[in-house]
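Here's the structure, in structure tokens; my notes come after.
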Amino acid sequence: MAQEIVRSRAPLRIGIAGGGTDVEPYASQKGGVVFNATINRYAYCSILPNDSNRLSIRSLDYGTFEAPLDGGPLRYDGNLDLAKAVANHFDIKDGFDMFIHSEAPPGSGLGGSSTVIIAILKAVTAWQDIHMTKHEIAALAYHLEREVLGLKGGKQDQYAATFGGFNRMEFRADGVDVIPLSISSDTIDELQYCSLLCYTGKSRESAGIIDSQVKSFKEGSNEDALDAAKELAMELSNKLVHGNIPEVGRLLGESWAHKKRFSSKISNPMIDAMYQTAIANGAYGGKVSGAGGGGFMYFICEYDKKHQVAKELTKWGARVTDFMFEPNGAHSWRTIV
């Protein structure tokens, strides 16, 4: 018997500059600025309504979960809590099967968990016919992930996955501004041609890095680095609008130098060696995407030396990943299965 299924997808992102200034309490106290871009790697969510009162969740990354929906709020225990938080928030009583899949491994630095909850929200709201703006979706995702579940991190990932494209984001105590950048197709094509994304082979747990960064800020030891990173996010995004790719690459490297001062856990000898290898072989600059400590590294290279950078990085065990920049944010659709 044919059944209607609701699906959604949300794009992962590369954090280009200013990441870390979107983390509390810095974001509220001093105002954060982040520049990021989404890519054609996604988190997916599928919902198939059933005739029971039960919720069944399967995830390629996080396992399985099944429970009745008439026994009160679902208990948070570290197993698929993102989906449980959404179901609890909307007080869903209609039975459904959910399948979740992310194209980035946990700890990748591409905004994975936040992108997953955006995909879940887009699917659930489409299924339940709940109308929310992009800002409302992103703000709710942040609330559920960071405040209800207590998962460590900043605010940029939820907004990047929701809005998509190249955005400068400004974070204040009273709200978030998402400013889409007007970048010519020629500039995007050139940036694409010069960009290299590679997986270090090491995932990382961002919570400890975030805790270390917050502790340093409260002690006053990294405030100037956060301030400098925020200014560089503004400068780098402006340079990209004007099409100066080599200067964008140089500023990317400068931004990474400041980010490493946020916490001693952001880099390590292997990452430093990989970075120096890339620079020595033709990268203008680069950085670790996300909180740091591992995951993916992003470089902007001289166009005719990118292949050499890639070759040398693979000697460190890195895996180069093909990608394209994705101009669109999260969306949902319906189909018959």
Counting only residues in the stretch 48-89 that are touching a residue at least 12 places away in the same chain (Cβ under 8 Å) and acidic (Asp, Glu), the one farthest from Glu147 (Cα to Cα) is identified as Asp51
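I'd like the full set of residues that are outside any loop (DSSP other than H, G, I, E, B) and of a type in the set (S, T, N, Q), limited to the stretch 19-56.
Kept after step one, since they are outside any loop (DSSP other than H, G, I, E, B), are these residues of the stretch 19-56: 26-30, 32-49, 54-56.
The answer is Ser28, Gln29, Asn36, Thr38, Asn40, Ser46, Ser56.
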For the stretch 67-124: of the residues being among the aliphatic types (A, V, I, L, M), over 30 Å from Ile16 (Cβ atoms) and in a strand (DSSP E or B), which is farthest from the chain's Cα centre (by Cα)? Ala67
Collect the residues in the stretch 128-140 that are part of a helix (DSSP H, G or I) and open to solvent by 40 Å² or more (accessible area, probe 1.4 Å), keeping them in residue-number order. Lys134, His135, Glu136, Ala139
Going by what's in this entry, would Gly292 be described as among the small types (Gly, Ala, Ser), buried (at least 18 other Cβ atoms within 10 Å of the Cβ) and in contact with a strand residue (DSSP E or B) (Cβ under 9 Å, 6 or more places away or on another chain)? no
In the stretch 313-330, how many residues are in contact with a Gly (Cβ under 7 Å, 6 or more places away or on another chain) and not in a loop (DSSP other than H, G, I, E, B)? 1
Close pairs (6 angstrom Cβ cut-off, 6 or more residues apart or separate chains): open to solvent by 30 Å² or more (accessible area, probe 1.4 Å) in the stretch 269-289, not in a strand (DSSP E or B) anywhere: Asn281/Gln308; Asn281/Val309; Asn281/Glu312; Tyr284/Pro246; Tyr284/Gly249; Tyr284/Arg250
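The values are calculated or read from the model by the stated rules, or taken from the named source; none is laboratory data. Keep in mind that what you see is a predicted model, and the values were worked out from it rather than measured. Cβ sites come from the backbone with ideal geometry, for glycine too, and all protein chains shown count toward neighbours. Quick note on the areas: whole protein, heavy atoms, side chains included, nothing else; ligands and nucleic acids left out. Shrake-Rupley method; radii C 1.70, N 1.55, O 1.52, S 1.80 Å.
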